[in-house]
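The values are calculated or read from the model by the stated rules, or taken from the named source; none is laboratory data. Just so it is clear, the model here is predicted, and its values are computed rather than measured. Note that we place each Cβ from the backbone using ideal geometry, even for glycine, and neighbour counts take in every protein chain shown. Surface areas here come from the heavy atoms of the whole protein model, side chains and all, with no ligands, DNA or RNA. Shrake-Rupley method; radii C 1.70, N 1.55, O 1.52, S 1.80 Å.
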Amino acid sequence: MGIFDFFKKKNNTQENAAVLVQEYRKPEETIVQEIVEEFVDETPEVPLQAVEEPKINEEFEKIKTYNDYIVYSIALQLRGEYTPLSAFEKENGEVEGFAYMVTEDAYALSPQEAVDKMEAKFETELQEGKIKSYMILYHSQFDNNGNHNPAAQEGEFKAISLVYRFRGEDKAKTALSYIFENQNITYKGFAEFSHEENNVIMNHQLIDGKNYFTNTEGIAAPEMTNEAGIIIRKSNIHNLVNTWSGIFGHQNFQTKDYGQYLTNVLMQSTVSDPSGEGKSKTEFEDVRFKTIITDELSTIIPEVKTDYTLDFETRSIREWENALNLQAIVAGPARDTFGVWFFATDYAENRNKYLTQTHFNINISGIVFILDVHESFDLPDGTKISEDFTTYAPSNEVPNYACFDFIAQLVDFKETELLEDGSVKGYILKLKLITHEEREDYFTIDAFVNKENIRFETLTKGMKVAGALQLQGKMAE
């Protein structure tokens with residue numbers, strides 16, 4: 001796992017952005033001329049011009065110490081990464097970088113948390129005499145208005161703020177402002193520095209192959225075991241973007257404003273509707289858009305309808321802190337044999353049951369992200385497998401979302417439509433994920449697939465298909 005696998009901005013369009021520094025000119029200084037007159041034999045001396053010594057900008061000299069990391073922050077931004085960074089100066093004058101490292105694809109510090117932890121760490125080391133100075137760099141809302149609060153969402157990103165402190169001096173802040181222009185970023189420079197000083201910083205070159213972050217600290221997701229013996233893990237970076245992409249189709253979801261549609265549906269759900277018209281926007285033949293509305297959280301979850309039931313034992317739950325712990329992935333063995341984990345569509349209303357009861361029946365279904373024909377019956381190592389072979393395995397591409405790669409038999413299928421106008425078209429597939437000699441439906445689920453996400457032309461009963469899906473489930477009534 002890389003250091004900078006978190007705090008990534010959604011749209012990475014700045015990879016080839018031009019780096020420009022606008023010129024900031026200080027007011028021209030008036031050279032003071034002093035006329036010295038001596039009356040010696042009434043012959044005046046030639047006027048002398050006082051010459052000022054060039055002034056040293058002490059703040060510039062301090063910040064220049066950390067040129068490597070200012071340029072590094074810029075380089076990351078041009079790659080679409082907005083990670084808070086920091087660096088410190090040792091007693092011998094060497095400067096080294098420090099960053100928090102993601103240890104799993106589930107939990108990361110918010111920008112504010114990262115900045116606060118870095119500042120507390122370096123303030124302690126500064127007081128203990130372990131370092132001479134430090135600097136923390138992060139993207140902020142600064143717009144020449146003194147607002148150095150970390151940027152957290154679109155529209156707030158205005159500058160790279162620098163928080164720094166040198167031994168024996170007060171903590172200070174400054175910022176490198178920037179603006180987005182036609183998919184380019186224009187860096188406007190530090191307002192308090194001259195054009196020449198800004199160029200010294202911006203033209204600084206990093207050394208290829210050098211490790212600038214020899215000091216890191218891992219970020220571990222909180223974990224505990226509750227009284228029922230269930231392991232509770234936390235996540236704070238997950239969302240339903242991939243899930244909705246499976247419903248609406250990957251390309252359509254990127255080009256059409258389904259987000260606004262879902263927002264409107266959610267707003268209508270918060271208002272009583274005696275006519276029942278609102279139901280047509282959330283209830284379809286094979287899929288429902290389930291609304292969750294609380295004082296703290298309002299959201300919509302797509303739920304594939306099914307009567308298929310498995311007996312299940314809860315072993316672990318990964319709660320989504322960023323959804324106020326009202327969404328979760330539940331994991332454990334089914335039929336006392338094979339393991340499954342699923343996104344619990346009823347977690348908001350049944351959270352207490354999930355946390356206290358370990359055995360229950362679940363309705364389990366799926367949303368297919370990719371569907372293709374499975375043609376090869378050889379494993380990568382050359383091992384021959386039966387044509388009846390079916391399997392599923394946790395996805396490495398989308399971990400911690402209850403996503404699986406699969407090879408399945410298509411037992412049956414039917415066409416279906418979503419939205420009031422039927423504009424979202426797909427199929428309900430009956431997928432056999434485990435072949436069992438004695439039981440046909442040992443693990444055979446109903447799954448929705450958008451037609452756009454199918455990579456071949458014609459579905460046929462009994463054919464072998466492969467792809468990726470997300471399992472979802474709820475407690476059976």
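Tabulated results
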quantity: Residue-averaged 222 nm ellipticity for the chain, from DSSP H runs of 4+ at -39500 (n - 2.57), nearest 500; calculated: -5000 deg cm²/dmol
quantity: Residue-by-residue Karplus 3J(HN,Hα) for the stretch 421-431, coefficients 6.51, -1.76, 1.60, Hz, glycine and proline x; calculated: 8, x, 6, 9, 10, x, 9, 9, 9, 9, 10
quantity: Fraction of beta bridges assigned by DSSP in the stretch 336-477 that are antiparallel (%, nearest 5); calculated: 85 percent
quantity: Computed over the chain: relative contact order in percent, which uses C-alpha pairs under 8 Å that are six or more apart; calculated: 13 percent
quantity: Between 0 and 90°, nearest 10: helix 258-269 axis offset from the chain longest Cα axis; calculated: 70 degrees
quantity: Heavy-atom accessible area per residue - the stretch 381-466, 1.4 Å, Å²; calculated: 53 Å²
quantity: Share of carbon and sulfur in the accessible heavy-atom surface of the chain [1.4 Å probe, %]; calculated: 46 percent
quantity: Cut-off 12 Å between beta-carbons: net charge of the residues surrounding E217, Lys and Arg +1, Asp and Glu -1; calculated: +2
quantity: Amide hydrogen neighbours beyond the local backbone of E283, cut-off 5 Å, H modeled; calculated: F289
quantity: Label-point gap, in nm, between V241 and K173 - each point 7 angstrom along Cα→Cβ; calculated: 2.8 nm
quantity: Solvent-accessible area of K158 with every protein chain in place, 1.4 Å probe, in Å² to the nearest 10; calculated: 70 Å²
quantity: Integer Hz, Karplus 6.51/-1.76/1.60 couplings in order for the stretch 348-358, x for Gly and Pro; calculated: 4, 8, 10, 4, 4, 5, 4, 7, 10, 9, 9
quantity: Table column - 3J(HN,Hα) (Hz), the stretch 122-139, Karplus curve with 6.51, -1.76, 1.60, x for Gly and Pro; calculated: 6, 4, 5, 5, 5, 5, 7, x, 7, 9, 8, 6, 8, 9, 10, 10, 7, 7
quantity: Spin-label pair N264/D381, simplified geometry with 7 Å Cα→Cβ offset, distance in nm; calculated: 5.5 nm
quantity: Spin-label model distance (nm) - E285 vs E104, 7 Å beyond Cα toward Cβ; calculated: 4.2 nm
quantity: Virtual paramagnetic centre 7 Å along Cα→Cβ of T391, amide N under 14 Å, in the stretch 436-477; calculated: 466-467
quantity: Signed unit charges on C-beta, dipole axis of the chain, positive-most listed residue V330, I185, Y72; calculated: V330
quantity: Built amide H within the under 5 Å cut-off of I370, gap 5+; calculated: A468
quantity: Cα-Cα over 23 Å, subset of K62/K171; K281/K432; K353/K430; K117/K210; K90/K173; K188/K256; calculated: K281/K432; K353/K430; K117/K210; K188/K256
quantity: Cα long-axis angle, helix 67-78 against the chain (0 to 90 degrees, to the nearest 10); calculated: 40 degrees
